[in-house]
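Beneath this line is the structure, given in structure tokens, with notes to follow.
The values are calculated or read from the model by the stated rules, or taken from the named source; none is laboratory data. The structure presented is a predicted model; accordingly, all values stated were derived computationally and were not measured. Note: ideal-geometry Cβ built from the backbone for every residue, glycine included; neighbour counts use all protein chains shown. For accessibility, only protein heavy atoms count, side chains too; no ligands or nucleic acids. Shrake-Rupley method; radii C 1.70, N 1.55, O 1.52, S 1.80 Å.
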Amino acid sequence: MSAKTGKRRRQKRYAMAMDPRQCVGCAACVLACKAENEVPEGAFRDWIVDEIRGRYPNLQREFRSERCHHCSNPPCVAACPTGASHVAEGGTVLVAQNKCTGCKACVVACPYGARYVHPKGYVDKCTFCAHRTARGQDPACVEICPTNALTFGDADDPQGSLGRLLASRAHRKLKEEAGCRPNLYILAKGGQ
Amino acid sequence: MSVSRRQFLKISAGGTAAATLGSGAVSNWWGIDSGHVAHADTDGDQVIPTFCELCFWKCGVLAHKKNGRVTKIVGNPKHPLSRGRLCPRGTGGTGLLYDPDRLKQPLIRQGSRGSDRFVTASWDAALDRVAEGMLAIRKKHGPEAMALFTHGFGGSWFKHLFKSYGSPNIAAPSYAQCRGPREVGYSLTFGQGVGSPEAIDTENARCITLIGNHLGENMHNTTVQDLARAIERGADLIVVDPRFSVAASKAKYWLPIKPGTDIALLLAWINVLIEEERYDKSYVDKHTKGFAELKAHVADKTPDWAYPLTGIEPELIRRSARAMAAARPASLIHPGRHATWYGDDTQRVRAMAILSALLGSWGRRGGFILPSNMSLPPYPGPKYAHTDTARADRGASSYPLADETLASGLCDATITPQAAYDLHGWMVYGTNLIQSLPDARRTIKAIQKLDFLVVVEVLPVEIAGWADVVLPECTYLERDDDLWNPYYKQPFIAMRQEVVRPMYASKPGWWIARELGKRLGLADFFAYPSAAEYSKKRIELGGYDYDKLRRDGVLLGKTTPVCEEEGLGLSFDTESKKIELYSEPLKKLGFHPIPEFVPPQEPPFGMFRLLFGRTPAHTFGRTTNNRFLSEVYAENELWINADAARRIPGFEDEPLKTGQRVVLVNQDGVKSQPIRARVTQAIRGDCVYMVHGYGHTAKGLRFAHGRGAADNRMVTRFKVDPIMGGTGMNVNFVRVEKAEAAA
């Protein structure tokens, strides 16, 4: 509800599209994230997957920049005994550091391995750079990407850059069978 | 996982403090607020534009600074080379700035050369010592007996120092060990080289052919951005590489070529274009010379001829040739960058250039373009004294078309008595010659002959260990530097400026060069009070806005037509004033006027050809000690074909597995450091591949020391390009052994 007008505002659904056709796996996204969010040494909020399939010389290779899928049905939130893991603005899944006991129930519950325990004792993960998006900036990984492989936005806004991209390109999601309704879209290599 | 009550209380207490200090928000029963998400606050109080030096592309960056510390580095949206985006290295400048292993004090050698034993010294004492050495050499042998090896933008101050001092011997390994053959090959054909940033229009190309060029792993920011844009627009990619590289995985046609046979493939492509009349006839008629000779030369170089030589099926050669022809003139045969592979490199580049000419892509949109730069007057000062002394690299043997000094040639001139004259002193700036020149044993032999060796460096790399005096330079984030006004489709002037004060006792290059200049009696050449004042003067003389440059980090100039489509008239600065498909100058010098294929040496039985390359997060051995960058790539690995790995002697019972450590033994019996295997389908079975820059032996590099293996240690042989003196380094063969057995 918007306090001012009293009208019901449509809920945003923050999501990210990742384009393996563009991605070269350089990991600029990983390092930009680490710098932006002071992610401790040896820990990652995002990472690169490099998959090679086939037999020489008939091979396929896919690069993906992966992170928390900010699921619409997040098992981590369900698993959290203290309410630290919660759903925030735009469906972004966040961890309230001060409520987190570091019990790791969420770490186990996450099908994507997106969470780690911060040396300060709480569990940490991708926030879609909520502090940046609140200011209208893209997440750090999106901003830095030299191949323009990442697009962040409201997946339910058909006029937005992400909505238009998803309408124009075929895509898939990872581990949908887990039933968690993830919000990272992997674009198909060839058009529709 | 169990949380002790003590830990639990500690966390809760922290939460309480945050809540109280933050907002005084209402707390619930267990003493913490309802959901506090803290975000790291890395945005700077100050954001300072400058340009990067993690590699040599020099992207514009914005350095965020908070409480005197650089918190993060992002792309400068106003800078044409970064457009607000960066490669991983660009982000990693902080890993260099805050590297605990940095050189902190000037060092003077104690003990024998190479013993790596030093005492710290004051700048005065160290500079006096360097000046003393250089003055003694000048007095005894003349200034030409002192050579400068340099790499990186900061080298400009030391090149100025050497030109003022009177030595013509200034070399960068980026020529004879890297780009040299490329520049010579295009110059011979079109009358000019492609320079850096390469004068190509990748983003508008509809077909891009990469020959042994692993763009995406070789991560020059703008190049990769342009490639990505072209892919986004539907451009076709043709990739020639023995390895299924990142680029190959995006290609319409991957040609897994037998290493060293590129010229055969190129001639076959030329054959298809001519035989099937798919080349640009009007362009060829108008601009080229020697088409009839070329046609006759390739008449029998059919795809069927090339098949047994290259391993590429004739139909794949034909189909890829047709794809590149269909896109012409926006069909870019990418010139690549590192080109010193087999010693026939200038000829290979010539074949690439000839192919480009047939596609009509030189001077055309989506092909090679002819950009301009912004004029920038020099800082006022005396003219360098004219010197008639030839460069020492020419003495040892003659490379008639070398248009820059050969670093390897200067190394030779230091060793061999056949040199035109002997070199007695070296200054080495920003290049770790132990890793960057082939055959380190030879480099060390040269060093041992020297009277004097001074190294200007940021990190205690191997070459610093051999120095008589080590001068610690500060990083690019701690210094002002010269201005940069490259030839680029969007002309610009970029500025590097100090973000934080130099740490420890390190000093900027401009200061070091000036203080040495004063001591060498060259004060007139170093009249600038600081690099900032020097830049200000040049900018003012050029009539530009200095304050805007400081604020934005970059000034944009007027664009000029860069291709025929934009109204540019083409001219060629060759002997015939035409594109030379047939090269009379090469013929006169006794070289093939049209490239000939000469089969490479086969790997001896049981051995693999050793190939090396890059990873996006690192620039050779320069960054492998960078702990931040190493978060994503910390150690190199040996790519080896899975089927070939099963046949390696010694691995019959227990096949080699990914992650297992092996050592390599080359044809001269030299052993590598242990390296982890990456057993994969994604490489041919006749070669192995590793990323260059690992296997550091310098103990001062506490992170990189002992990590991975050095390819250059295995490069005990190299094949010199007779045309320009480049050192082809892909001519070594290795056997793979278990790490334990070799130890």
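For the reader, a short list of remarks on this structure follows.
- Some residue of region B:65-85 being open to solvent by 10 Å² or more (accessible area, probe 1.4 Å), away from every other protein chain (no Cβ under 14 Å) and out of contact with any Pro (no Cβ under 9 Å at 6 or more places or on another chain): yes
- Criterion violated by B:Ile675 - all others in (1) closer than 23 Å to A:Tyr56 by Cβ; (2) open to solvent by 20 Å² or more (accessible area, probe 1.4 Å) satisfied: (2)
- Residue in region B:704-716 that is part of a loop (DSSP other than H, G, I, E, B), within 24 Å of the chain's Cα centre (by Cα) and surrounded by fewer than 17 Cβ atoms within 10 Å (Cβ to Cβ) present: yes
Rundown of residues vs (1) surrounded by fewer than 23 Cβ atoms within 10 Å (Cβ to Cβ); (2) of a type in the set (Phe, Trp, Tyr), yes/no style:
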site	(1), (2)
A:Val77	yes, no
A:Ala84	no, no
A:Val93	no, no
A:Ala96	yes, no
A:Cys103	yes, no
A:Ala114	no, no
A:Tyr122	yes, yes
A:Cys126	no, no
A:Cys129	no, no
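- Top-ranked residue of region A:146-155 - restricted to ones that are over 11 Å from A:Met18 (Cα atoms) and in contact with a strand residue (DSSP E or B) (Cβ under 8 Å, 6 or more places away or on another chain), ranked as nearest to the other protein chains (Cβ to nearest Cβ): A:Gly153
- Contact map, region A:42-59: residues that are within 9 Å of chain B (Cβ to nearest Cβ) paired with residues that are of a type in the set (Val, Ile, Thr) and open to solvent by 40 Å² or more (accessible area, probe 1.4 Å), Cβ distance under 8 Å, separation 6+ or inter-chain. Pairs shown: A:Ile48/B:Val632; A:Leu59/A:Ile52.
- Condition check for B:Arg109: without any contact (Cβ under 8 Å) to a residue 12 or more places away in the chain and of a type outside the set (Val, Ile, Thr): no
- If the condition is being of a type outside the set (Asp, Glu), under 22 Å from B:Ser164 (Cβ atoms) and open to solvent by 50 Å² or more (accessible area, probe 1.4 Å), then region B:341-388 contributes B:Pro378, B:Tyr379, B:Pro380, B:Gly381, B:Pro382, B:Lys383, B:Tyr384, B:Ala385, B:His386, B:Thr387.
- Scanning region B:467-480 for residues that are in a loop (DSSP other than H, G, I, E, B) and buried (at least 24 other Cβ atoms within 10 Å of the Cβ) turns up B:Ala467, B:Cys474, B:Thr475, B:Arg479.
- Test: residue in region B:107-124 that is acidic (Asp, Glu) and more than 31 Å from the chain's Cα centre (by Cα): yes
- Any chance B:Ala306 is over 20 Å from B:Glu596 (Cβ atoms), among the hydrophobic types (A, V, I, L, M, F, W, C), in contact (Cβ under 8 Å) with a residue 40 or more places away in the chain and in a helix (DSSP H, G or I): no
- If you go through region B:245-278 and keep only what is open to solvent by 10 Å² or more (accessible area, probe 1.4 Å) and hydrophobic (A, V, I, L, M, F, W, C), you end up with B:Ala251, B:Trp254.
- Considering residues of region B:411-458 that are in a loop (DSSP other than H, G, I, E, B) and within 21 Å of B:Arg129 (Cβ to Cβ) only, the residue most open to solvent (accessible area, probe 1.4 Å): B:Asp451
- Scanning region B:512-521 for residues that are more than 11 Å from B:Val456 (Cβ to Cβ) and out of contact with any helix residue (DSSP H, G or I) (no Cβ under 7 Å at 6 or more places or on another chain) yields a total of 1.
- Count of residues meeting criterion [surrounded by 19 or more Cβ atoms within 10 Å (Cβ to Cβ) and over 13 Å from the mean Cα position of the chain (by Cα)] in region A:134-149: 6
- Filtered residue count, region B:549-601, keeping only those that are more than 20 Å from B:Ser356 (Cβ to Cβ) and outside any loop (DSSP other than H, G, I, E, B): 9
- When restricted to residues that are more than 17 Å from B:Phe452 (Cα to Cα) and buried (at least 21 other Cβ atoms within 10 Å of the Cβ), region B:100-140 contains 2.
- Leading residue by the ranking (surrounded by the most Cβ atoms within 10 Å (Cβ to Cβ)) among those in region A:60-75 that are at the interface with chain B (Cβ under 8 Å from one of its Cβ atoms) and not charged (D, E, K, R): A:Phe63
- The set of residues from region A:25-40 being in a loop (DSSP other than H, G, I, E, B) and either at pLDDT below 95 or at the interface with chain B (Cβ under 7 Å from one of its Cβ atoms) (or both) comprises A:Gly25, A:Cys26, A:Ala27, A:Glu38.
- Qualifying residues in region B:612-661 (those that are within 10 Å of chain A (Cβ to nearest Cβ) and open to solvent by 20 Å² or more (accessible area, probe 1.4 Å)) - the one nearest to B:Pro460 (Cα to Cα): B:Arg627
- Summed over region B:314-340, residues that are over 24 Å from B:Glu276 (Cα atoms) and either open to solvent by less than 10 Å² (accessible area, probe 1.4 Å) or not basic (Lys, Arg) (or both) total 5.
- Condition met for B:Leu86 (of a type in the set (A, V, I, L, M) and outside any helix (DSSP H, G or I)): yes
- Region A:61-83, residues that are in contact with a Phe, Trp or Tyr (Cβ under 7 Å, 6 or more places away or on another chain) and free of Cβ contacts under 8 Å to residues at least 40 places away in the same chain: A:Arg61
- Output for region A:115-127, where each listed residue is of a type in the set (A, V, I, L, M, F, W, C) and within 11 Å of another protein chain (Cβ to nearest Cβ): A:Val117, A:Val123
- Counting only helices (runs of 4 or more DSSP H) that sit wholly inside region A:79-174, those with at least 2 residues that are touching a helix residue (DSSP H, G or I) at 6+ places or on another chain (Cβ under 9 Å) are A:105-109, A:130-133, A:140-144.
Rundown of residues vs (1) under 30 Å from B:Pro49 (Cβ atoms); (2) of a type in the set (D, E, K, R); (3) crowded, with 16+ Cβ neighbours inside 10 Å, yes/no style:
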{"position": "B:Val499", "(1), (2), (3)": "yes, no, yes"}
{"position": "B:Ala513", "(1), (2), (3)": "yes, no, yes"}
{"position": "B:Arg551", "(1), (2), (3)": "yes, yes, no"}
{"position": "B:Ile579", "(1), (2), (3)": "no, no, yes"}
{"position": "B:Ile594", "(1), (2), (3)": "no, no, yes"}
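- Selection status of B:Gly90, within 14 Å of chain A (Cβ to nearest Cβ), buried (at least 21 other Cβ atoms within 10 Å of the Cβ) and in contact (Cβ under 8 Å) with a residue 40 or more places away in the chain: yes
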